[in-house]
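Okay, structure first, notes after.
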Amino acid sequence: MEAFLGGLAILADPYVMLMVLLGTVLGIFVGALPGISGSTTIALMLPMTITMGPIASICFLGAIYCAANFGGSITAILVNAPGDPSASATALEGFKMAEKGQAGLALGISAIASAIGGIVSVVVLIVAAPALARSAYSFGPPEYFALALFGLSMCAAIGGDSPVKNLIAAAFGLLLATVGMDLTTGVERFAFGITELSDGIGFVPVLIGLFAVGEMLDQAANRHGKAEIVSLEAARVPGRAEMRKCWRSIWLGSGIGTFIGALPALGATTAALIGYNETRRWSKHKEEFGHGSIEGVAGPEAANNAAVGGSMVPTLALGIPGSATTAIILAGLIVQGVRPGPHLFNEQPTLLYAVFASMLAANIFYLVMGLSMARLFARISLIPPAFLWPAVFVLSVIGAYGPNQSMGDVYVMLAAGVVGFLFRRTGFSPAPLIMGLVLGGMVEETLKQSLIIFGDDLSGFLQRPIALVLFAITAAGLGWPLVARLTRVARAA
Amino acid sequence: MTHAGVGGGTDITVRMMMVQAPAEFGQEFTVVNRTAGSGAQALQYLASKPADGHTLLLVTQTHLLSMLRNRSLPQMSDLIPVARATEDPMLVLVRRDSPLRGPDELMSAGRARSLRFGGTHVGGVDHVAIFAFGRAAGFQQPTLVPFRGGGEIVINLVGGNIDTALVNPAEAEAQLRSGEVRPLMVLSERRLPSLPDVPTGKELGINSTAATVRGYCVLKGTPEDRVARLEQGLIRAMESGVYKDYLRNTGQSPDSVTGRQAWGAQLTSFFEEGREALTALGLLR
């Protein structure tokens with residue numbers, strides 16, 4: 001407790017507070033720009049933080065990390081171009097809301113859900129980090145296989161006109177996930193000797209193409225320009241009624257996000273996708289999903305920001321990063337001479353609590369900024385398409401090129417744009433494709449790893465209780481609609 | 001110019017060197033990350049630039065294996081080694097309650113059955129190191145369980161999914177300190193200052209060393225006086241306080257920084273080792 005108060009006291013230091021504030025503003029800004037992700041920014045800032053001293057530097061980097069995850073949702077909602085990969089699930093419902101003229105509502109709920117998710121995960125981090133970190137050791141390839149399968153099992157239900165179309169899109173995503181060097185054989189697949197494809201198809205360019213460029217082509221093809229007047233509704237922010245509606249999805253997203261974030265191999269993007277699935281599954285208003293559901297924004301936003309706190313668990317308690325961004329923060333800590341690990345909780349609790357306190361502060365900062373600027377940002381959705389979309393296209397090209405400085409990624413992005421356009425015209429949804437691409441590689445990889453570990457004996461799964469429980473939940477989720485229908489038929493008869 | 005993504009260990013090595021280098025050379029430095037194809041794209045990028053010493057490539061073992069597997073890339077003979085930046089020796093680790101209590105148990109188990117080693121992808125740097133270690137120790141062909149990186153390898157080692165692994169000390173720092181993993185030996189010429197009780201492989205009669213090394217190279221054809229100037233300047237830049245702290249804090253050998261002679265010899269010997277391993281593993285056409 002003493003250490004906790006000591007940590008809070010550090011926030012009274014104006015220099016540290018200034019760093020947290022700077023980090024938050026920078027984080028929102030880079031998060032909103034497609035192509036500059038939080039992890040890139042933190043890597044670029046790292047050499048500058050060396051002279052800051054351990055506490056100020058970790059507070060600064062932590063604030064960027066928290067805020068970038070929220071910033072990604074701004075462009076996802078307004079122009080359907082997720083600024084950060086973890087905001088892709090937010091774009092699914094958020095952009096639909098903006099189209100309906102509810103941009104302010106979507107931005108507002110995103111800020112609130114993100115902040116609650118972030119704060120919940122930091123509280124869990126304070127109370128249970130060492131205990132939660134131990135669970136990472138119980139998750140080997142068989143358990144990740146079962147978890148990824150659970151995520152994939154929902155792909156027929158999300159997005160699109162019909163389950164069949166969703167399955168087709170998901171299968172296409174799975175196919176894309178096989179491109180590139182295979183971990184277990186060292187052989188390149190479907191790369192056709194193209195160097196740029198040998199590491200697989202990048203997630204970011206596909207995302208930008210599918211959402212932003214696909215949307216642009218679709219709008220360009222509408223010859224009758226939609227000269228609709230969007231009312232002032234666009235600037236409305238969420239009130240009590242919306243909050244009541246979203247409460248359940250925010251808690252659900254926060255819980256899922258914290259847990260998934262704490263698993264070293266899974267990050268905010270997976271957390272947001274599974275958060276979206278589960279929000280839909282437990283929602284009382286399923287029919288709104290796919291047409292701009294406010295719950296569908298709240299759930300994944302809470303999940304991806306909760307994953308931020310979650311991913312700090314293995315980073316600080318085990319010295320093993322839970323995401324690309326925490327890997328860089330870890331490097332920053334080590335350069336400062338701070339050695340993460342279980343002993344950190346006994347030896348340097350003040351530093352630890354300073355980190356937690358600064359993350360809490362960053363969450364509150366962007367909540368205030370997000371809410372107060374939501375009205376302003378929402379007006380972006382009122383810009384006429386003829387001006388807005390060319391600008392989005394330029395941003396998309398930069399966004400695809402940026403992370404790897406690779407023209408190959410730009411071509412992938414453009415191709416994905418055409419796919420996204422055709423998807424819209426034929427009633428397919430990009431959501432299952434993304435699930436297939438994100439989780440497909442993991443399902444394949446972890447299954448192969450499991451089989452190597454078990455000596456090619458499938459019965460090895462029977463000795464993994466966690467995997468068995470996850471398999472059972474998956475089976476129940478898949479079987480329940482069938483059982484429900486059978487009982488209804490039986491009752492009717 | 002590096003093949004690694006922004007923020008990885010290799011990328012940070014470059015950025016740490018650059019803290020001091022601009023003052024040393026009176027020149028601005030920028031990092032170019034060309035990540036595709038395990039170093040292939042980085043090599044092609046270097047070859048596309050004039051041989052004037054203004055483009056430095058941070059070469060790792062990964063580049064050498066990519067060269068071996070793709071003969072159309074620039075080869076060793078197209079590069080001039082300049083200076084080594086880091087040398088990070090590998091430990092042979094087991095988990096705390098492993099039945100492989102000490103080096104003797106490891107040796108007899110390795111001869112009796114195929115041990116499961118954690119490593120990066122098949123045909124990668126770890127695979128070559130594991131192959132060379134297994135052969136020097138007289139093991140049965142080890143089974144490689146491939147993972148995405150050092151962190152995952154350590155977690156699966158503690159979780160009991162693999163028997164053992166070759167890991168850099170920094171990657172398992174927290175687990176070494178808490179005793180969740182035990183080092184059986186270090187695969188370097190000398191014992192590590194941080195782990196003075198851990199014997200080297202050579203002391204135990206295993207004639208094999210393994211380390212993650214990184215160093216700078218320029219394109220063949222760069223004038224000799226520029227190479228000499230670069231060698232001198234880079235070494236001085238890497239003797240700065242910031243860089244020394246970086247090496248110490250990440251548990252890398254303090255003798256990491258060395259000139260082109262030692263660095264070139266090491267590249268050549270690793271190239272040969274890689275060729276033998278990949279041929280024996282049937283991964284080289």
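The values are calculated or read from the model by the stated rules, or taken from the named source; none is laboratory data. All values derive from a computational prediction rather than experimental measurement. Methodologically, a virtual Cβ is constructed for each residue, glycine included, from the backbone with ideal geometry; neighbour enumeration extends over all protein chains shown.
A few notes on this one:
- B:Arg95 closer than 21 Å to A:Thr185 by Cβ, surrounded by 16 or more Cβ atoms within 10 Å (Cβ to Cβ), at pLDDT 90 or above and in contact with a helix residue (DSSP H, G or I) (Cβ under 9 Å, 6 or more places away or on another chain): no
- Members of segment A:118-132 that are among the small types (Gly, Ala, Ser) and either within 14 Å of chain B (Cβ to nearest Cβ) or out of contact with any Phe, Trp or Tyr (no Cβ under 9 Å at 6 or more places or on another chain) (or both): A:Ser121, A:Ala128, A:Ala129, A:Ala131
- Qualifying positions in segment A:336-375 - within 19 Å of B:Leu176 (Cα to Cα) and of a type in the set (Val, Ile, Thr): A:Val338
- Taken across segment A:327-340, residues that are without any contact (Cβ under 8 Å) to a residue 12 or more places away in the chain, farther than 18 Å from A:Asp84 by Cβ and not charged (D, E, K, R) do occur, with at least one present.
- Criterion applied to A:Gly292, A:Gly267 was being modelled with pLDDT under 85 and on the phi > 0 side of the Ramachandran plot, and the one residue passing it is A:Gly292.
Let's see how each residue does on (1) within 14 Å of another protein chain (Cβ to nearest Cβ); (2) farther than 26 Å from B:Leu73 by Cβ:
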{"position": "A:Arg134", "(1), (2)": "yes, yes"}
{"position": "A:Phe139", "(1), (2)": "yes, yes"}
{"position": "A:Ala157", "(1), (2)": "no, yes"}
{"position": "A:Ser162", "(1), (2)": "no, yes"}
{"position": "A:Ala170", "(1), (2)": "no, yes"}
{"position": "A:Met181", "(1), (2)": "yes, no"}
{"position": "A:Gly193", "(1), (2)": "yes, no"}
{"position": "A:Glu196", "(1), (2)": "yes, no"}
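- Filtered by the rule that a residue be of a type in the set (Lys, Arg) and surrounded by fewer than 17 Cβ atoms within 10 Å (Cβ to Cβ), segment A:163-202 gives a lone residue, A:Arg189.
- All conditions in (1) more than 10 Å from chain A (Cβ to nearest Cβ); (2) surrounded by fewer than 21 Cβ atoms within 10 Å (Cβ to Cβ) hold for B:Leu106, with the sole exception of (2).
- The conditions of being within 18 Å of A:Met312 (Cα to Cα) and either crowded, with 17+ Cβ neighbours inside 10 Å or not aliphatic (A, V, I, L, M) (or both) are not met by A:Val16.
- Selection within segment A:157-182 - at pLDDT 80 or above, among the aliphatic types (A, V, I, L, M) and assigned to a loop (DSSP other than H, G, I, E, B): A:Val179
- B:Thr35 vs. criteria in contact with a Gly (Cβ under 7 Å, 6 or more places away or on another chain), at pLDDT below 85 and not aliphatic (A, V, I, L, M): yes
- Qualifying residue in segment A:58-72 (condition: within 14 Å of chain B (Cβ to nearest Cβ), polar (S, T, N, Q) and assigned to a helix (DSSP H, G or I)): no
- A:Leu46 vs. criteria under 24 Å from A:Ala331 (Cβ atoms), touching a Lys or Arg at 6+ places or on another chain (Cβ under 9 Å) and surrounded by fewer than 24 Cβ atoms within 10 Å (Cβ to Cβ): yes
- Number of the condition not met by B:Arg96 [criteria: (1) among the basic types (Lys, Arg); (2) closer than 22 Å to A:Ile452 by Cα; (3) within 14 Å of chain A (Cβ to nearest Cβ)]: (2)
- Residue count for segment A:327-356, restricted to those that are more than 10 Å from chain B (Cβ to nearest Cβ) and either of a type in the set (S, T, N, Q) or touching a strand residue (DSSP E or B) at 6+ places or on another chain (Cβ under 8 Å) (or both): 3.
- Considering segment A:299-311, and only residues there that are under 15 Å from A:Leu125 (Cβ atoms) and more than 14 Å from chain B (Cβ to nearest Cβ), the residue that is surrounded by the fewest Cβ atoms within 10 Å (Cβ to Cβ) turns out to be A:Gly309.
- Within segment B:214-234, residues that are under 23 Å from B:Leu73 (Cβ atoms) sit with their Cβ atoms under 7 Å from residues that are of a type in the set (Asp, Glu) and modelled with pLDDT under 90, at 6+ positions apart or across chains, in these pairs: B:Leu219/B:Asp78; B:Lys220/B:Asp78; B:Thr222/B:Asp52.
- Counting only residues that are more than 13 Å from chain B (Cβ to nearest Cβ) and not in a helix (DSSP H, G or I), segment A:34-57 holds 2 of them.
- When the residues of segment B:185-225 are filtered to those that are under 17 Å from the mean Cα position of the chain (by Cα) and of a type in the set (Ser, Thr, Tyr), the one that is farthest from B:Asp52 (Cα to Cα) is B:Ser208.
- Scanning segment B:112-165 for residues that are in contact with a strand residue (DSSP E or B) (Cβ under 7 Å, 6 or more places away or on another chain), in a helix (DSSP H, G or I) and either within 11 Å of chain A (Cβ to nearest Cβ) or not charged (D, E, K, R) (or both) yields B:His127, B:Ala129, B:Ile130, B:Phe133, B:Gly150, B:Ile153, B:Val154, B:Asn156, B:Leu157, B:Val158.
Conditions tested, residue by residue: (1) at pLDDT 75 or above; (2) touching a helix residue (DSSP H, G or I) at 6+ places or on another chain (Cβ under 7 Å); (3) not aliphatic (A, V, I, L, M).
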residue	(1), (2), (3)
A:Thr185	yes, no, yes
A:Glu188	yes, no, yes
A:Gly193	yes, no, yes
A:Ile201	yes, yes, no
A:Ile208	yes, yes, no
A:Phe211	yes, yes, yes
A:Ser231	no, no, yes
A:Lys245	yes, yes, yes
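- Yes/no for A:Val206 being away from chain B (no Cβ under 14 Å) and either assigned to a loop (DSSP other than H, G, I, E, B) or surrounded by fewer than 23 Cβ atoms within 10 Å (Cβ to Cβ) (or both): no
- Within segment B:12-66, the set of residues being away from chain A (no Cβ under 13 Å) and part of a helix (DSSP H, G or I) comprises B:Ala23, B:Glu24, B:Phe25, B:Leu46, B:Gln61, B:His63, B:Leu64.
- Residues (within 21 Å of A:Ala327 (Cβ to Cβ) and away from chain A (no Cβ under 12 Å)) located in segment B:166-202: B:Leu166, B:Asn168
- Taking segment B:67-95 as the range and being touching a residue at least 24 places away in the same chain (Cβ under 8 Å), of a type outside the set (A, V, I, L, M, F, W, C) and not in a strand (DSSP E or B) as the test, the residues that pass are B:Arg69, B:Asn70, B:Pro74, B:Ser77, B:Asp78.
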